[in-house]
Every structure is written in C-alpha cells, then in structure tokens.
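Here is the structure we will look at, set down as structure tokens.
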C-alpha cells in the first residue's frame, strides 16, 4: 500500500477551559506544520541550527556558564526569550513548510456548553484544521521526487487527554456523515487510519508546530499590560497557506464568525495585510 505523501505535525496553545475567572485562556489555537515526506528531514535540520545559535550567543554573553539548551533538548516556544523566539520563527519561515492554524475565541461562542464535554472543542478544532490541510495538499502540485498516494499522515503532539483512536473514530464519523455535517475534507487526503501521536522529543516536526501554534497564540492573547505580540504572526507570513492569495479562512481560520468579524474591524491580528488579497479598484 502506498505511503502518505505528506505529514502534518499538529500542536496546540491555550487551553480548552471555560472558567475565565480562574485563568482559562480566551483563545485556543490548534496549528500544524505540513511537509512533503521526501523533504521533511532536510528541512528540520534548522532545529539543530537554532539550538546552536542560541547556545553560541549564550556562551558569548555568559562565558563559563555552559549551554543555554542541552544537546537535542526539544525547543518549546514558551521557554526561550523574545529575541530567541524571533530567531526560531524566522528560521522556520525560510524552510519548505506550510503553516495552518485554527484560532478559537471561546468567549464569543454562543453555545459554549456544546464544547465543554468529551474534548468537543479539541475535536471541532481538529475538524476545521484537517479540512484545510486537505485543501492544501490537494492544491499542491506534484514535484520531482514526490512519492506516496497524495494522502497525509496526521501526527499529533501527545497530551494527557488525547486518545488517538478517538480522533480516528471522530474522523470516520465525519466521513460517514459528510453531507449532514457539511464536512469538506478531501477523502483522498484525510484518512482516519493515518493518525499517530508522539512527544516533541520523538518527532522534530512537532517542535515546529508548537512554534506556529504559540506564535499565533501570542498574536491574539493580551499580556499583563493588555498588549499582543503580532511580530510572530508577521514572521510566519512566507509559509502561511494561501488559496488564491488569501490566507484567511485557509491558512488561518478564526472561529466563531464573530472572531473573524473582529479581525475585519481591525480589533485583532493587525499588521497582516498581506494575508488577504487586496480588493480590486
């Protein structure tokens, strides 16, 4: 049986809780980094490059204090300092990868009770994400050396509440109820049997997915001074998935509709004008 042509590494940022008075996050972000399987190992060499660059700078300003990051230590986006994060994102944006994300403003959900149980919010974010992954892979032209059957291997970051088989069952449910649920993933690309989970230390691509998810999370989440950090999202611009030049609704899906309306009013995610096709005269 032919192997998948692509691999999508999937990770999250924020939480799924609705206890906002107890510090539940306003936003939940599920993101992925999609590679052609014939190219991913070469592209993921940047992880060692970034770790080495961070360590070299650390040794320069802290002589005799050892390394900032241990050899082969996974890069978790929340740990480095701001300038180190910028380096990490900039390096990712120079590689042959496509980034996609679903950003959910939980405070705007009109029926939050639907999403409070049984990982419902996570599963729905998965649905929105894999639909767009399938469009990306369906849009991608064949390249010399490409192998596989055009499908994608979905590789999720391991989490305490993630049941790999439950995700597969959910995807099967979507597929068998396609019309009733308006499920729009390409069946030839998304296959419920092609789901796996690993830790970031076991799959390098998950470290990239973590950077994409966390970078976009910081772009919409206010810090203690009421400010967001748009520079990470801006740096991801070269690799965000676009369809006919437009990233919104494709490489970046805001949910619910009220969140997208807030973006259009300029209330969130400013400075990303090149993510949207300019209207004609």
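The values are calculated or read from the model by the stated rules, or taken from the named source; none is laboratory data. Just so you know, these numbers come straight off a predicted model, no measurement behind them. All Cβ positions, glycine included, derive from the backbone under ideal geometry; neighbour counts span all protein chains shown.
Per the conditions (1) more than 18 Å from residue 102 (Cβ to Cβ); (2) in contact (Cβ under 8 Å) with a residue 60 or more places away in the chain; (3) part of a helix (DSSP H, G or I), the sole criterion not satisfied by residue 232 is (1). Scanning region 213-226 for any residue that is over 18 Å from residue 75 (Cβ atoms), in contact with a strand residue (DSSP E or B) (Cβ under 7 Å, 6 or more places away or on another chain) and either part of a loop (DSSP other than H, G, I, E, B) or in contact (Cβ under 8 Å) with a residue 60 or more places away in the chain (or both) turns up at least one such residue. From 200, 185, grab the single residue that is touching a helix residue (DSSP H, G or I) at 6+ places or on another chain (Cβ under 6 Å), in a loop (DSSP other than H, G, I, E, B) and modelled with pLDDT under 95. Residue meeting the stated conditions: 200. The conditions of being surrounded by 15 or more Cβ atoms within 10 Å (Cβ to Cβ), under 24 Å from residue 40 (Cα atoms), in contact with a strand residue (DSSP E or B) (Cβ under 8 Å, 6 or more places away or on another chain) and in contact (Cβ under 8 Å) with a residue 40 or more places away in the chain are met by residue 132.
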